[in-house]
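Down below is the structure, laid out as structure tokens.
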Amino acid sequence: MVSLLRRARIPVDAHGLPRDSGVTIAQLAELTQELWMLTGDELFGLGPPTPLGSFQLVMRSVIHAPDLRAALGRLAEAGDVLAGMPRLRVTVDDVLVDVEIDISRLDDSEHLAAELVAALIHRVLGWLAGRRIGLRELHLPWPAPAYAADYEIVFGRHPTFDADRLALAFDRGLLAAPLIRDEQDLADYLTDQPNVWFATRDYGSLTADQVRTILERGLRGTWPTPDDIATRLNVSTQHLRRLLRTEHTSIRQLKEDLLRDAAVASLTLGQETVEDLARRLGFSEASAFRRAFRRWTGRPPGAYRVANS
């Protein structure tokens, strides 16, 4: 184990344990990859065999679900069919959706696999909908560990320990939330695992947050039209514009905010010319980009670059 920690560049003490200085997300992701290579198992051999690629296979099915209700159904089906996937029991009442995770097949005395599965399900749902899945309840079937306070950082909810099951619960209304991701989003997401599993993803719940998430794919290629965005959110284009007006913004404003942020990030790094940056962001001429940048920030690109050099 000490050699694994060292390969992941995690400092160890005289007892071969990680030092109290903390572990970064990059180090944790590297350690996870080392464990995957060692075990050939996505749950590190702590339960029924879960061959590498199982998560990708499930996500390629879930990505085509229309909303969170259907996505949860497909996750539950995967647990019933694939031996290594956790079984889910989804119960809906008048107020809450209760997602119980069966961990009876895990050989997991330190609860590592159970914690990973619970966090992954919670974060995948938020990523699919591009919005915050605020937990109303979190039940953990083990005593409070020394790091009990950290659960609130990971899940946004302090758990009930010594429960009779592992379960997450959130508002029933979220079941109707449409999935706003596409195949390209999924490809990027899968390429970034396991980093994306551990990074904090606090998605907003406003319509503007969801529209911005959909618009972000325009930075990679073709910008989605207002009709495209409305279709993804399962509303009419007119109603979408009304929703954004109540949040004091618009599709045009959100797109310009994205372009401004991308331009500022590039100028700060200083790794591409203004001409190349303008072309990448879809401007026909560098002069048009310069005019837009001055409108966004009140300064020309060159002045901004100097100010941040």
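The values are calculated or read from the model by the stated rules, or taken from the named source; none is laboratory data. In this text, all values refer to a predicted model and were calculated from it rather than measured experimentally. Don't worry about glycine lacking a Cβ; one is built from the backbone with ideal geometry, like all the others, and counts go over all protein chains shown.
The helices (runs of 4 or more DSSP H) found entirely in the stretch 233-308 that carry 3 or more residues being surrounded by 14 or more Cβ atoms within 10 Å (Cβ to Cβ) and in contact (Cβ under 8 Å) with a residue 24 or more places away in the chain are 237-246, 251-269, 286-297, 301-307.
Sub-7 Å Cβ pairs linking a first residue in the stretch 23-49 that is β-branched (V, I, T) to a second residue that is in a loop (DSSP other than H, G, I, E, B), at least 6 apart or interchain, are V23/I10; I25/A199; T32/P194; T39/G45, ordered by first then second residue.
Taken together, R217, R280, R181, R241 contain a single residue that is under 24 Å from F55 (Cβ atoms) and in contact with a Ser or Thr (Cβ under 9 Å, 6 or more places away or on another chain), which is R181. Number of residues in the stretch 67-94 that are over 19 Å from G126 (Cβ atoms), among the β-branched types (V, I, T) and at pLDDT 95 or above equals 1.
Does E34 satisfy being at pLDDT below 90, among the charged types (D, E, K, R) and surrounded by 13 or more Cβ atoms within 10 Å (Cβ to Cβ)? Yes, satisfied. Looking only at residues in the stretch 138-170 that are modelled with pLDDT of 95 or more and among the charged types (D, E, K, R), the one that is surrounded by the most Cβ atoms within 10 Å (Cβ to Cβ) is R165. For the stretch 157-170, which residues satisfy the criterion of being in contact with a helix residue (DSSP H, G or I) (Cβ under 9 Å, 6 or more places away or on another chain) and of a type outside the set (A, V, I, L, M, F, W, C)? Of everything in the stretch 157-170, those that are in contact with a helix residue (DSSP H, G or I) (Cβ under 9 Å, 6 or more places away or on another chain) and of a type outside the set (A, V, I, L, M, F, W, C) turn out to be R157, H158, P159.
Conditions (1) over 24 Å from P178 (Cα atoms); (2) among the basic types (K, R); (3) surrounded by 15 or more Cβ atoms within 10 Å (Cβ to Cβ), marked per residue:
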site	(1), (2), (3)
P49	yes, no, no
G53	yes, no, no
L68	no, no, yes
L72	no, no, yes
V92	no, no, no
D98	no, no, yes
D102	yes, no, no
